[in-house]
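Asker: Before I ask anything, here is the structure I am working with.
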Amino acid sequence: MLPRSRLSERITVFIVLMALITVSGAAADAAADFSDDFWFGIATAPAHQEDQLDDVWQKFAREGHVRAWKDVPRAEERLRAWSEPETDIRLAAETGVQVYRMGVDWGRLVPDCSLDTTEPDSCRIQNEAALKHYEEILGLVRRYGMKVMLTLFHHSFPKWGTWPEEAVAAAAKQRERDKGDLSDRLNAGSGTGLMWQHPNAAQLFVTFGLDVVRRLGHLVDFWVIFNEPVIFTALSHCMGMWPPGPAVTSVPVQVNCLTNPATGSLKAQLNMVAAHRQMYVLIRQAEQERGWPAAPVGVA
(Lines give C-alpha, C1' and ligand atoms only; values in the text may rest on other atoms or scores of the structure.)
Protein backbone atom coordinates (compact mmCIF):
# COMPACT_ATOMS: atom_id res chain seq x y z
CA MET A 1 0.00 0.00 0.00
CA LEU A 2 1.27 3.48 -0.85
CA PRO A 3 2.09 5.87 2.02
CA ARG A 4 -0.70 8.36 2.56
CA SER A 5 1.35 11.30 1.21
CA ARG A 6 2.22 9.47 -2.01
CA LEU A 7 -1.35 8.28 -2.49
CA SER A 8 -2.62 11.82 -1.96
CA GLU A 9 -0.09 13.09 -4.50
CA ARG A 10 -1.20 10.58 -7.14
CA ILE A 11 -4.87 11.38 -6.58
CA THR A 12 -4.07 15.08 -6.96
CA VAL A 13 -2.19 14.48 -10.22
CA PHE A 14 -5.09 12.39 -11.55
CA ILE A 15 -7.62 15.11 -10.70
CA VAL A 16 -5.49 17.79 -12.34
CA LEU A 17 -5.06 15.72 -15.51
CA MET A 18 -8.81 15.06 -15.73
CA ALA A 19 -9.50 18.76 -15.25
CA LEU A 20 -7.05 19.68 -18.01
CA ILE A 21 -8.63 17.20 -20.39
CA THR A 22 -12.07 18.61 -19.64
CA VAL A 23 -10.94 22.22 -19.94
CA SER A 24 -9.04 21.49 -23.15
CA GLY A 25 -12.13 20.12 -24.84
CA ALA A 26 -14.30 22.93 -23.53
CA ALA A 27 -11.82 25.58 -24.66
CA ALA A 28 -11.61 24.11 -28.14
CA ASP A 29 -15.41 24.12 -28.44
CA ALA A 30 -15.69 27.62 -27.01
CA ALA A 31 -12.97 29.03 -29.29
CA ALA A 32 -15.08 28.23 -32.31
CA ASP A 33 -17.76 30.62 -31.02
CA PHE A 34 -15.49 33.65 -30.63
CA SER A 35 -14.00 36.03 -33.16
CA ASP A 36 -10.29 36.02 -33.97
CA ASP A 37 -9.64 39.13 -31.87
CA PHE A 38 -10.88 37.39 -28.69
CA TRP A 39 -8.00 35.70 -26.88
CA PHE A 40 -8.08 33.00 -24.24
CA GLY A 41 -5.43 33.42 -21.58
CA ILE A 42 -4.01 31.88 -18.44
CA ALA A 43 -2.34 33.67 -15.52
CA THR A 44 0.51 32.46 -13.33
CA ALA A 45 2.92 34.07 -10.87
CA PRO A 46 6.38 33.17 -9.54
CA ALA A 47 5.06 32.67 -6.01
CA HIS A 48 2.38 30.32 -7.37
CA GLN A 49 4.51 28.01 -9.43
CA GLU A 50 8.28 28.53 -9.32
CA ASP A 51 10.43 26.03 -7.45
CA GLN A 52 13.93 26.86 -6.14
CA LEU A 53 12.49 30.18 -4.98
CA ASP A 54 13.42 31.29 -1.47
CA ASP A 55 10.83 34.07 -1.32
CA VAL A 56 8.67 35.73 1.32
CA TRP A 57 5.83 33.27 0.78
CA GLN A 58 8.01 30.25 1.48
CA LYS A 59 9.23 31.80 4.73
CA PHE A 60 5.68 32.81 5.67
CA ALA A 61 4.43 29.25 4.98
CA ARG A 62 7.23 27.61 6.93
CA GLU A 63 6.29 29.75 9.91
CA GLY A 64 2.85 28.13 9.84
CA HIS A 65 0.78 30.90 8.23
CA VAL A 66 -0.28 28.97 5.09
CA ARG A 67 -2.54 26.05 5.92
CA ALA A 68 -2.09 24.24 2.60
CA TRP A 69 1.68 24.08 3.16
CA LYS A 70 1.12 21.28 5.68
CA ASP A 71 -1.11 19.20 3.41
CA VAL A 72 0.80 19.18 0.11
CA PRO A 73 3.71 16.78 -0.49
CA ARG A 74 6.95 18.67 -1.25
CA ALA A 75 5.15 22.01 -1.13
CA GLU A 76 8.38 23.96 -1.63
CA GLU A 77 8.53 22.62 -5.20
CA ARG A 78 5.22 24.34 -6.03
CA LEU A 79 4.62 23.47 -9.71
CA ARG A 80 8.31 23.15 -10.68
CA ALA A 81 7.85 25.88 -13.26
CA TRP A 82 11.45 27.01 -12.80
CA SER A 83 13.17 23.67 -13.28
CA GLU A 84 10.58 22.22 -15.69
CA PRO A 85 8.89 25.22 -17.35
CA GLU A 86 7.91 23.44 -20.53
CA THR A 87 5.38 21.22 -18.77
CA ASP A 88 2.98 24.03 -17.87
CA ILE A 89 3.63 25.93 -21.08
CA ARG A 90 2.92 22.90 -23.26
CA LEU A 91 -0.27 22.08 -21.36
CA ALA A 92 -1.43 25.70 -21.70
CA ALA A 93 -0.84 25.65 -25.45
CA GLU A 94 -2.61 22.31 -25.83
CA THR A 95 -5.57 23.70 -23.90
CA GLY A 96 -6.00 26.43 -26.50
CA VAL A 97 -4.47 29.31 -24.53
CA GLN A 98 -3.36 32.23 -26.70
CA VAL A 99 -1.95 34.61 -24.08
CA TYR A 100 0.33 33.23 -21.36
CA ARG A 101 0.71 35.52 -18.37
CA MET A 102 3.69 34.98 -16.08
CA GLY A 103 5.90 37.09 -13.87
CA VAL A 104 9.49 37.69 -12.90
CA ASP A 105 10.36 37.57 -9.22
CA TRP A 106 11.99 40.77 -7.98
CA GLY A 107 13.71 39.03 -5.08
CA ARG A 108 15.12 36.26 -7.28
CA LEU A 109 16.66 38.79 -9.64
CA VAL A 110 17.75 41.24 -6.92
CA PRO A 111 18.50 39.12 -3.83
CA ASP A 112 20.73 41.66 -2.05
CA CYS A 113 19.45 45.17 -1.39
CA SER A 114 18.11 47.42 1.37
CA LEU A 115 15.20 49.84 1.44
CA ASP A 116 17.50 52.32 3.16
CA THR A 117 20.16 52.28 0.44
CA THR A 118 21.37 55.61 -0.88
CA GLU A 119 22.62 53.99 -4.10
CA PRO A 120 19.68 52.59 -6.10
CA ASP A 121 22.01 51.42 -8.88
CA SER A 122 23.48 48.90 -6.45
CA CYS A 123 20.06 47.21 -6.53
CA ARG A 124 19.94 46.63 -10.26
CA ILE A 125 19.54 43.04 -11.44
CA GLN A 126 22.24 40.93 -9.79
CA ASN A 127 21.29 37.36 -10.72
CA GLU A 128 22.21 37.26 -14.40
CA ALA A 129 21.71 33.49 -14.62
CA ALA A 130 18.12 33.84 -13.40
CA LEU A 131 17.44 36.64 -15.88
CA LYS A 132 18.78 34.46 -18.68
CA HIS A 133 16.51 31.64 -17.58
CA TYR A 134 13.49 33.95 -17.62
CA GLU A 135 14.48 34.93 -21.16
CA GLU A 136 14.55 31.26 -22.14
CA ILE A 137 11.11 30.69 -20.60
CA LEU A 138 9.62 33.65 -22.48
CA GLY A 139 11.13 32.33 -25.68
CA LEU A 140 9.58 28.94 -24.97
CA VAL A 141 6.14 30.52 -24.55
CA ARG A 142 6.47 32.20 -27.93
CA ARG A 143 7.70 29.03 -29.60
CA TYR A 144 4.49 27.35 -28.47
CA GLY A 145 2.59 30.03 -30.35
CA MET A 146 1.35 32.08 -27.40
CA LYS A 147 1.68 35.78 -26.68
CA VAL A 148 3.56 36.83 -23.54
CA MET A 149 1.98 38.96 -20.83
CA LEU A 150 4.67 39.77 -18.25
CA THR A 151 3.95 40.92 -14.68
CA LEU A 152 6.62 42.86 -12.78
CA PHE A 153 5.05 42.66 -9.30
CA HIS A 154 2.66 39.89 -8.27
CA HIS A 155 2.04 39.94 -4.50
CA SER A 156 5.64 39.27 -3.48
CA PHE A 157 7.98 41.95 -2.14
CA PRO A 158 11.63 40.85 -1.77
CA LYS A 159 12.60 39.49 1.62
CA TRP A 160 15.07 42.32 2.19
CA GLY A 161 12.20 44.83 2.21
CA THR A 162 9.49 42.73 3.83
CA TRP A 163 10.60 41.88 7.37
CA PRO A 164 11.14 45.02 9.44
CA GLU A 165 14.06 45.63 11.72
CA GLU A 166 13.73 44.23 15.23
CA ALA A 167 12.80 47.59 16.71
CA VAL A 168 9.98 48.05 14.19
CA ALA A 169 8.67 44.53 14.76
CA ALA A 170 8.77 44.99 18.53
CA ALA A 171 6.83 48.23 18.24
CA ALA A 172 4.18 46.51 16.11
CA LYS A 173 3.74 43.75 18.67
CA GLN A 174 3.51 46.33 21.45
CA ARG A 175 0.71 48.13 19.61
CA GLU A 176 -1.27 44.90 19.49
CA ARG A 177 -0.78 44.43 23.22
CA ASP A 178 -1.61 48.02 23.97
CA LYS A 179 -4.83 48.42 25.91
CA GLY A 180 -4.37 52.13 26.48
CA ASP A 181 -6.01 55.21 25.02
CA LEU A 182 -7.94 54.63 21.78
CA SER A 183 -6.36 57.61 20.04
CA ASP A 184 -2.91 56.05 20.46
CA ARG A 185 -4.04 52.90 18.67
CA LEU A 186 -5.79 54.93 15.97
CA ASN A 187 -2.48 56.64 15.21
CA ALA A 188 -0.54 53.38 15.26
CA GLY A 189 -0.92 52.71 11.54
CA SER A 190 0.28 49.48 9.97
CA GLY A 191 1.73 46.83 12.20
CA THR A 192 3.50 44.88 9.48
CA GLY A 193 6.68 46.23 7.95
CA LEU A 194 7.39 48.97 5.45
CA MET A 195 7.65 47.48 1.95
CA TRP A 196 5.72 49.89 -0.31
CA GLN A 197 5.37 52.46 2.48
CA HIS A 198 9.11 53.15 2.37
CA PRO A 199 10.03 56.32 0.42
CA ASN A 200 12.71 54.45 -1.54
CA ALA A 201 10.48 51.54 -2.61
CA ALA A 202 9.26 53.10 -5.86
CA GLN A 203 12.75 54.04 -7.06
CA LEU A 204 14.17 50.62 -6.25
CA PHE A 205 11.32 48.93 -8.09
CA VAL A 206 11.78 51.16 -11.13
CA THR A 207 15.51 50.41 -11.13
CA PHE A 208 14.73 46.68 -11.23
CA GLY A 209 11.85 47.09 -13.69
CA LEU A 210 13.86 49.09 -16.21
CA ASP A 211 16.50 46.36 -16.32
CA VAL A 212 13.77 43.80 -17.02
CA VAL A 213 12.30 45.93 -19.81
CA ARG A 214 15.64 46.47 -21.51
CA ARG A 215 16.61 42.81 -21.34
CA LEU A 216 13.28 41.06 -21.93
CA GLY A 217 11.11 43.66 -23.64
CA HIS A 218 11.66 42.23 -27.12
CA LEU A 219 9.78 39.10 -26.02
CA VAL A 220 6.84 40.82 -24.29
CA ASP A 221 3.46 41.52 -25.92
CA PHE A 222 1.68 42.95 -22.86
CA TRP A 223 2.98 44.48 -19.63
CA VAL A 224 1.32 44.24 -16.20
CA ILE A 225 3.17 46.50 -13.78
CA PHE A 226 1.21 45.51 -10.65
CA ASN A 227 -1.20 42.74 -9.81
CA GLU A 228 -4.08 43.81 -7.55
CA PRO A 229 -2.22 46.54 -5.64
CA VAL A 230 -5.21 47.36 -3.42
CA ILE A 231 -5.59 43.73 -2.35
CA PHE A 232 -1.86 43.40 -1.72
CA THR A 233 -1.53 46.54 0.38
CA ALA A 234 -4.64 45.77 2.45
CA LEU A 235 -3.80 42.15 3.27
CA SER A 236 -0.07 42.73 3.74
CA HIS A 237 0.20 46.18 5.26
CA CYS A 238 -3.05 46.40 7.22
CA MET A 239 -4.26 42.91 8.08
CA GLY A 240 -1.08 40.88 8.37
CA MET A 241 -2.84 38.02 6.54
CA TRP A 242 -0.05 37.99 3.93
CA PRO A 243 3.70 38.31 4.46
CA PRO A 244 5.24 39.57 6.61
CA GLY A 245 2.68 39.56 9.41
CA PRO A 246 2.08 39.67 12.32
CA ALA A 247 -1.71 39.51 12.19
CA VAL A 248 -3.32 42.84 13.02
CA THR A 249 -6.33 42.15 15.22
CA SER A 250 -7.13 45.68 16.36
CA VAL A 251 -10.04 47.05 14.30
CA PRO A 252 -9.08 50.72 14.90
CA VAL A 253 -5.56 49.98 13.64
CA GLN A 254 -6.95 48.17 10.58
CA VAL A 255 -9.31 51.04 9.76
CA ASN A 256 -6.59 53.64 10.19
CA CYS A 257 -4.22 51.64 8.01
CA LEU A 258 -6.84 51.38 5.26
CA THR A 259 -7.94 55.01 5.30
CA ASN A 260 -5.06 57.20 6.48
CA PRO A 261 -3.00 58.47 3.50
CA ALA A 262 -0.07 59.20 5.81
CA THR A 263 0.48 55.54 6.62
CA GLY A 264 -0.50 51.98 5.81
CA SER A 265 -2.33 50.92 2.67
CA LEU A 266 -2.98 54.29 1.06
CA LYS A 267 0.59 55.46 1.54
CA ALA A 268 1.81 52.23 -0.05
CA GLN A 269 -0.62 52.60 -2.96
CA LEU A 270 0.54 56.15 -3.65
CA ASN A 271 4.12 54.90 -3.93
CA MET A 272 2.95 52.12 -6.27
CA VAL A 273 1.14 54.69 -8.43
CA ALA A 274 4.34 56.72 -8.66
CA ALA A 275 6.28 53.60 -9.68
CA HIS A 276 3.65 52.66 -12.27
CA ARG A 277 3.79 56.10 -13.88
CA GLN A 278 7.57 56.00 -14.11
CA MET A 279 7.55 52.48 -15.54
CA TYR A 280 5.02 53.43 -18.22
CA VAL A 281 7.24 56.27 -19.44
CA LEU A 282 10.38 54.11 -19.37
CA ILE A 283 8.70 51.28 -21.29
CA ARG A 284 7.64 53.70 -24.02
CA GLN A 285 11.14 55.19 -24.18
CA ALA A 286 12.73 51.74 -24.46
CA GLU A 287 10.34 50.80 -27.26
CA GLN A 288 11.19 53.94 -29.22
CA GLU A 289 14.93 53.54 -28.71
CA ARG A 290 14.90 49.91 -29.86
CA GLY A 291 12.22 50.10 -32.53
CA TRP A 292 9.88 47.70 -30.73
CA PRO A 293 6.11 47.90 -31.27
CA ALA A 294 4.22 49.63 -28.46
CA ALA A 295 2.93 46.96 -26.09
CA PRO A 296 -0.15 47.66 -23.96
CA VAL A 297 0.79 48.56 -20.37
CA GLY A 298 -1.64 48.12 -17.51
CA VAL A 299 -2.48 46.85 -14.04
CA ALA A 300 -4.39 43.71 -13.13
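Asker: Is there a pair in Lys59/Lys132; Lys59/Lys147; Lys132/Lys159 whose C-alpha atoms are over 28 Å apart, and which pairs would that be?
Answerer: Long pairs (Cα-Cα over 28 Å): Lys59/Lys147.
Asker: Sum up the charges of everything whose Cβ sits under 9 Å from the Cβ of His154, counting Lys and Arg as +1 and Asp and Glu as -1, but leave His154 out.
Answerer: With Lys, Arg at +1 and Asp, Glu at -1, the net is -2.
Asker: Order Trp292, Trp223, most accessible first, counting only protein heavy atoms with a 1.4 angstrom probe.
Answerer: Working: Trp292 60, Trp223 10 Å².
Sorted descending by solvent-accessible area, the residues read Trp292, Trp223.
Asker: Could you work out what % of the accessible surface of the stretch 29-152 is carbon and sulfur, using a 1.4 angstrom probe and leaving DNA, RNA and ligands out of the count?
Answerer: Values: 3140 of 6590 Å².
C and S fraction of accessible area: 48 percent.
Asker: Any idea what the relative contact order of the stretch 194-300 is, in percent, if you count C-alpha pairs under 8 Å spaced at least 6 apart?
Answerer: 41
Asker: When you count, for each residue, the other Cβ atoms within 10 Å and take the mean per peptide, how do 76-86, 105-115, 209-219 rank with the highest first?
Answerer: 105-115, 209-219, 76-86
Asker: Kindly report the accessible area of the stretch 56-134 per residue (heavy atoms of protein chains, probe 1.4 Å, no ligands, DNA or RNA), in Å².
Answerer: Accessible surface, normalised per residue, equals 52 Å².
Asker: Give the value in nm², to one decimal: projected area of the alpha carbon convex hull of the stretch 190-234, averaged over all directions. Kindly include the intermediate steps, with their values, before the conclusion.
Answerer: Details: hull surface 15.4 nm².
Its average projected convex-hull area is 3.9 nm².
Asker: Let me ask another. Taking 25 °C and 0.890 mPa s as the conditions, I'd like the Stokes-Einstein D for the stretch 53-94 in µm²/s, using the Kirkwood hydrodynamic radius from alpha carbon pairs. Each step should come with its number before you reach the end.
Answerer: Values: Rh = 11.6 Å.
Rounded to a whole number, D works out at 212 µm²/s.
Asker: Let me ask something else about it. How big, on average over all directions, is the shadow cast by the Cα convex hull of the stretch 118-157, in nm²?
Answerer: Over all viewing directions, the stretch 118-157 projects a mean Cα-hull area of 3.9 nm².
Asker: Could you look at the stretch 189-300 and say what percent of its accessible area is carbon and sulfur, using a 1.4 Å probe and all protein chains?
Answerer: 61
The values are calculated or read from the model by the stated rules, or taken from the named source; none is laboratory data. Because the structure is a prediction, the values reported are computed rather than measured. Here the Cβ is made from the backbone with ideal geometry for all residues, glycine too, and neighbour counts use every protein chain on show. Calculation scope for accessible area: heavy atoms of the full protein, side chains included, ligands and nucleic acids excluded. Shrake-Rupley method; radii C 1.70, N 1.55, O 1.52, S 1.80 Å.
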